[in-house]
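The values are calculated or read from the model by the stated rules, or taken from the named source; none is laboratory data. Note that the coordinates shown come from a computational prediction; the quantities given were computed from them, not determined experimentally. Cβ coordinates were reconstructed from backbone atoms using ideal geometry, including for glycine residues, and neighbour counts include every protein chain displayed.
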Amino acid sequence: MLSMSKRFNNLLKIMSRLRGKKGCPWDKEQTTESLKPFLIEEAYEVIEAIDEKSPEKLKEELGDLLLQVVFHAQLANERKEFDMDGILETLEEKLIRRHPHVFGDVSYEDAKEVLVQWEKIKKEEKANSKRESMLDSVPKELPALLRAHRLQDKAARVGFDWKHINDVFAKVEEEIKEFKGAVKEKKADEIEDELGDIFFALVNVARFLEINPEDALRKTISKFISRFRYIEEKAKEAKRELSDMTLEEMDKFWEEAKIKGND
């Protein structure tokens with residue numbers, strides 16, 4: 001059995017060969033820009049494997065995600081910018097630097113204080129010296145729900161947060177009231193703004209209850225797909241088109257799917 005370091009070196013050699021003179025035509029055409037969608041896709045496939053609680057699938061998808069890191073390291077190495085060793089060295093130094101309570105003589109009371117200190121250490125790092133706000137570290141490319149959650153979490157770390165869940169619920173109710181008012185007055189711009197405020201307030205509820213809103217919505221989407229497919233199956237069994245069925249008929253099958261646990 002190969003040692004982990006030997007296997008990792010083999011992986012780097014394989015990637016180098018794929019990009020080499022006699023390598024794969026597709027791999028040789030790729031750039032850091034062209035690989036961006038694959039990096040995002042692989043990350044989401046890892047999340048899907050976690051949701052499915054499948055160790056085998058998770059192992060495979062983590063490998064695919066690692067391939068993206070190796071690919072980018074190879075591209076950077078070809079440009080003489082950095083290599084995999086540089087990536088690992090930077091990560092190693094960062095982990096030690098940001099965990100003085102583990103690798104140094106500093107002591108923190110709990111996980112919350114660890115996060116506060118993490119932000120302080122991060123802000124002092126050279127790579128982050130030009131950031132004007134602690135919120136700048138949250139990528140703009142994140143899905144909106146996830147980005148809202150991360151922004152709120154960052155602000156909460158320095159005390160900008162609600163004191164009680166009831167305050168958050170009150171904010172949701174306030175935003176819904178304002179949204180209804182905008183709809184009643186048919187003010188298109190305000191309707192969009194107020195709807196966004198409702199989403200943002202609901203994300204705050206999720207964060208306060210330590211629920212990831214992106215995960216929650218993704219699971220609800222999966223339930224919707226599963227239950228709608230049940231309706232499609234029933235329509236097929238009856239040799240009918242969905243468009244010919246009444247809402248009452250479809251709703252009946254929807255409720256059946258819920259009872260059967262089609263999630």
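The table that follows gives values for the structure above.
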| read-out | value |
| --- | --- |
| Whichever residue in the range 49-99 is modelled with pLDDT of 95 or more, part of a loop (DSSP other than H, G, I, E, B) and among the acidic types (Asp, Glu) and, among such residues, is surrounded by the fewest Cβ atoms within 10 Å (Cβ to Cβ) | Glu81 |
| Flag for Lys28 being over 18 Å from the mean Cα position of the chain (by Cα) and either in a helix (DSSP H, G or I) or modelled with pLDDT of 95 or more (or both) | yes |
| Filter pass, Leu115 being closer than 29 Å to Asp215 by Cβ, touching a helix residue (DSSP H, G or I) at 6+ places or on another chain (Cβ under 8 Å) and not assigned by TED's automatic domain parsing to the domain that holds Ile14 | no |
| Residues located in the range 184-215, provided they are surrounded by fewer than 14 Cβ atoms within 10 Å (Cβ to Cβ) and either farther than 20 Å from Ala170 by Cα or in contact with a strand residue (DSSP E or B) (Cβ under 9 Å, 6 or more places away or on another chain) (or both) | Lys184, Glu185, Lys186, Lys187, Ala188, Asp189, Glu192 |
| Residue list for the range 151-185, filter: part of a loop (DSSP other than H, G, I, E, B) and of a type outside the set (Phe, Trp, Tyr) | Arg157, Val158, Gly159, Asp161, Lys163, His164, Glu185 |
| Single condition Val102 does not satisfy, out of (1) more than 21 Å from the chain's Cα centre (by Cα); (2) part of a loop (DSSP other than H, G, I, E, B) | (2) |
| Yes/no for Lys163 being modelled with pLDDT under 95 and under 26 Å from Val116 (Cα atoms) | yes |
| Top-ranked residue of the range 117-154 - restricted to ones that are charged (D, E, K, R) and under 12 Å from the mean Cα position of the chain (by Cα), ranked as nearest to Pro100 (Cα to Cα) | Arg150 |
| Test: residue in the range 146-169 that is of a type in the set (S, T, N, Q) and touching a residue at least 24 places away in the same chain (Cβ under 8 Å) | yes |
| Checklist (1) β-branched (Val, Ile, Thr); (2) more than 26 Å from Ala206 (Cβ to Cβ); (3) in contact with a Phe, Trp or Tyr (Cβ under 9 Å, 6 or more places away or on another chain) applied to Val102, failing item | (3) |
| Sole exception among (1) of a type in the set (Asp, Glu); (2) assigned to a loop (DSSP other than H, G, I, E, B); (3) in the same structural domain as Ala206 (by TED's automatic domain parsing) for Glu132, by number | (3) |
| Positions within the range 38-60 being without any contact (Cβ under 8 Å) to a residue 24 or more places away in the chain and of a type outside the set (A, V, I, L, M), in sequence order | Glu41, Tyr44, Glu45, Glu48, Glu52, Lys53, Ser54, Pro55, Glu56, Lys57, Lys59, Glu60 |
| Boolean, Ser16 is of a type in the set (Gly, Ala, Ser) and either part of a loop (DSSP other than H, G, I, E, B) or exposed (fewer than 13 other Cβ atoms within 10 Å of the Cβ) (or both) | no |
